[in-house]
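Student: Below is one structure. I have some questions about it.
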Amino acid sequence: MKREALAAMTASWRKVPVSLLDWYIIRKFLGTYVFAIILILAITVMFDINEKLDAFLKAPLRATVFEYFMNFLPYFANQFSPLFTFIAVIFFTSKLADNSEIIAMLSSGMSFRRLLRPYMISATIIAIGTFLLGAYIIPPANVKRIDYTNTYVKNKRVDYGDNIMMQVAPGTIAFMSRYDNTTRTGYRFSLEKFKDKKLVSRLTSMSIKWDTLYQWQVRDYVIRDFKDNREFITRGQRLDTVIPFEPRDFLISRNDQEMLTSPQLREYISRQKERGVANIKAFEIEYEKRIAMCAAAFILTVIGMSLSSKKVKGGMGVNIGLGLVLSFSYILFMTVTSSFAVSGLTSPMVAMWIPNIIYSVIAVILYIKASR
């Protein structure tokens, strides 16, 4: 009876999806990943301090630490997550190979495919973390970081606009000759409404002031309504009205896309397309990039594991060097293909997935070669 119970217990343990060996590899993978991030971030902080020293001396220390660095470090780490993943895989797998641990695993009957499982579990954890950080957590933090750099380093905020025209609703066209975001005031404003390609109403004013979300104050206005071949004129000094657009819809600054969560990005892109705004490539690229980078964790993990699972004459240094070349080339390739979307050669989704498709082919070839 005891033997049967022991046999049943042993059989149940064999069915456990994650074994002790899996936990060992996962712990090594994620531990090396975190260590690589900390090491590179420490170097990055030193270079960043050296580059922006004058700005840091002008800014309050509390703002520098909590508004800039506390938000800059997660942003930088997430941007280069594929690089850190690849370095981690190459480093600790090469160490396992040099210590003949991988040979022992394969000699015990474990297949190369089974050996890959803990790697993919670790890549899944990294991919989920990368997506959650990039899509929901980092964008609100970027608001503080970018505001700090605009205030103390270099102001890249767009506060003025000239000859602004956009469709704010179906059949409704708004125009401003100039908008000043420092005073939230637009000048020489007009709002025209069309029905069946005919002008039915036209509002003009000397100035318009933005209050809150979609709330505008129109000053010194004239409203002309056209009905049955007749014109009805209404004049006034001030009118509080709702117009479905706001300054961020036409004052687009560099890195604005980094301050929006993925749901906000999707909503913003959809709204701008409906209005006929063409200058949204950076927002579309950012949205697709956040998704494509999650897939990179799996692709680069397979490539790194396949490259470093066997001993080489040059030792660990050869694997690490080759890994750095491939990982940096991946990041560079993604930057190059994003320019295809900006120039209109491809859609943002295709541009962001070209590196993943090419490196997926490389991953499959290296995996087949390593598993033989």
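Just so you know, all these numbers are worked out from the coordinates, no wet-lab data involved. For clarity, every value in this text was computed on a predicted model and none was experimentally measured. Please note: Cβ atoms are built from the backbone with ideal geometry, for glycine as well, and neighbour counts cover all protein chains shown.
Student: Add -39500 (n - 2.57) for each DSSP H run of 4 or more in the chain, then divide by its residues: what number comes out at 222 nm, to the nearest 500 deg cm²/dmol? All intermediate terms of the calculation are to be shown ahead of the outcome.
Tutor: Numbers: 12 runs with 211 residues, N = 372.
Value at 222 nm, helices only, nearest 500: -19000 deg cm²/dmol.
Student: Further question on the same structure: Hey, rough spin-label estimate for Thr204 and Glu101, points 7 angstrom out along Cα→Cβ, what's it come to in nanometres?
Tutor: With each label point 7 Å from Cα toward Cβ, the separation is 7.8 nm.
Student: Moving on. Where does region 182-340 land on Rg/Rh, using Cα atoms and the Kirkwood Rh? Walk me through the numbers before you get to the answer.
Tutor: Details: Rg = 26.4 Å, Rh = 20.6 Å.
Rounded to two decimals, Rg over Rh is 1.28.
Student: Can you sort Met165, Met120 so the residue with the fewest Cβ neighbours within 10 Å comes first?
Tutor: Met165, Met120
Student: Could you work out the local net charge near Glu286, counting Lys and Arg as +1, Asp and Glu as -1, over the other residues with Cβ closer than 10 Å to its Cβ?
Tutor: Here the charged neighbours net out to -1.
Student: Right, here's the next one. Considering only the other residues whose Cβ falls under 11 Å of the Cβ of Arg224, what net charge follows from Lys and Arg at +1 and Asp and Glu at -1?
Tutor: Value of the local net charge: +2.
Student: Taking the Cβ of Arg113 as the centre, find all other residues whose Cβ is under 15 Å away and add up their charges (Lys, Arg: +1; Asp, Glu: -1). Before the final figure, lay out each step's value.
Tutor: Values: positive: Arg114, Arg117, Lys369, Arg372; negative: Asp22.
Local charge sum for Arg113: +3.
Student: Continuing with this model, one more query. Quick one: Karplus J couplings for region 182-194, per residue in order, coefficients 6.51, -1.76, 1.60, θ = phi - 60°, nearest Hz, x for Gly and Pro?
Tutor: Once θ is set to phi - 60°, the couplings for region 182-194 become 5, 10, 6, 10, x, 10, 6, 9, 9, 9, 10, 10, 10 Hz.
Student: Using alpha carbons only, what's the Rg to Rh ratio of region 160-251 with Rh from Kirkwood?
Tutor: Expressed as Rg/Rh, it is 0.97.
Student: Between Thr337, Thr149, Thr212, find the one with the highest GNM mean-square fluctuation for the chain; connect C-alpha pairs within less than 10 Å.
Tutor: Thr212
Student: Related question: Please arrange Met352, Met334 by how many other C-beta atoms lie within 10 Å of their C-beta, fewest to most. Intermediate results must be reported in sequence, preceding the final value.
Tutor: Numbers: Met352 26, Met334 22.
So the residues, fewest neighbours to most, are Met334, Met352.
Student: Given Cβ point charges of +1 (Lys, Arg) and -1 (Asp, Glu) and nothing else, what value in debye, to the nearest 20, does the dipole of region 160-251 about its Cα centre take?
Tutor: 240 debye
Student: Hey, another quick one. In the Gaussian network model of the chain, springs joining C-alpha atoms below 10 Å, which of Arg266, Arg235, Arg117 carries the largest mean-square fluctuation?
Tutor: Largest GNM mean-square fluctuation: Arg235.
Student: Kindly work out what percent of the DSSP beta bridges joining two residues of region 160-251 are antiparallel, to the nearest 5.
Tutor: Around 100 percent antiparallel, to the nearest 5.
Student: Please give the FRET efficiency for Asn50 paired with Glu274, using the beta carbon to beta carbon distance and R0 = 51 Å, rounded to the nearest 0.05.
Tutor: Between Asn50 and Glu274 the formula returns 0.65.
Student: Once the cut-off is 19 Å, how many percent of the Cα-Cα pairs in region 226-305 end up in the long-distance tail?
Tutor: I get 58 percent for the Cα pairs in region 226-305 exceeding 19 Å.
Student: Distance check, please: which entries in Lys52/Lys273; Lys52/Lys209; Lys209/Lys281; Lys52/Lys144; Lys289/Lys310; Lys195/Lys273 exceed 26 angstrom between their Cα atoms?
Tutor: The pairs that break the limit, which is 26 Å between Cα atoms, are Lys52/Lys273; Lys52/Lys209; Lys209/Lys281; Lys289/Lys310.
Student: Bin all alpha-carbon pair distances of region 253-372 at 10 Å intervals from 0 and give each bin's fraction as a whole percent.
Tutor: Pairs per bin, as whole percents: 12, 36, 26, 16, 8, 2, 0.
Student: For Lys193, which aspartates and glutamates qualify as cross-link partners when the Cα separation must be under 20 Å and same-chain residues fewer than eight apart are set aside?
Tutor: Cross-link targets: Asp220, Asp225, Asp228, Glu231, Asp240, Glu246, Asp249, Glu274.
Student: As an exercise, use a Förster radius of 41 Å and the Cβ-Cβ distance of Ile38 and Ser108 to find the FRET efficiency, rounded to the nearest 0.05.
Tutor: Efficiency, rounded to the nearest 0.05: 0.75.
Student: Can you list, largest first and rounded to whole Å, the semi-axes you get for region 24-89 by taking the square root of 5 times each eigenvalue of its Cα gyration tensor?
Tutor: 29, 11, 9
Student: Ok, one more. Where in the chain are the DSSP H helices whose alpha-carbon span along the long axis reaches 27 Å or more and whose Kyte-Doolittle mean is at least -0.5?
Tutor: Sorted by number, the helices that extend far enough and score high enough are 20-51, 112-132, 281-308, 316-343, 348-371.
Student: For the pair Ala63 and Val158, what calculated FRET efficiency results from E = 1/(1 + (r/R0)^6), where r is the Cβ-Cβ distance and R0 = 25 Å, to the nearest 0.05?
Tutor: Efficiency computed from Cβ-Cβ geometry: 0.65.
Student: How high is the relative contact order of region 212-348, given as a whole-number percent (alpha carbon pairs under 8 Å, six or more residues apart)?
Tutor: On the way: 88 pairs, mean separation 21.8, N = 137.
Over region 212-348, the number comes to 16 percent.
Student: Who wins for biggest fluctuation among Val200, Val158, Val350 in a Gaussian network model of the chain, springs between alpha carbons below 10 Å?
Tutor: Of Val200, Val158, Val350, the Gaussian network model singles out Val200 as fluctuating most.
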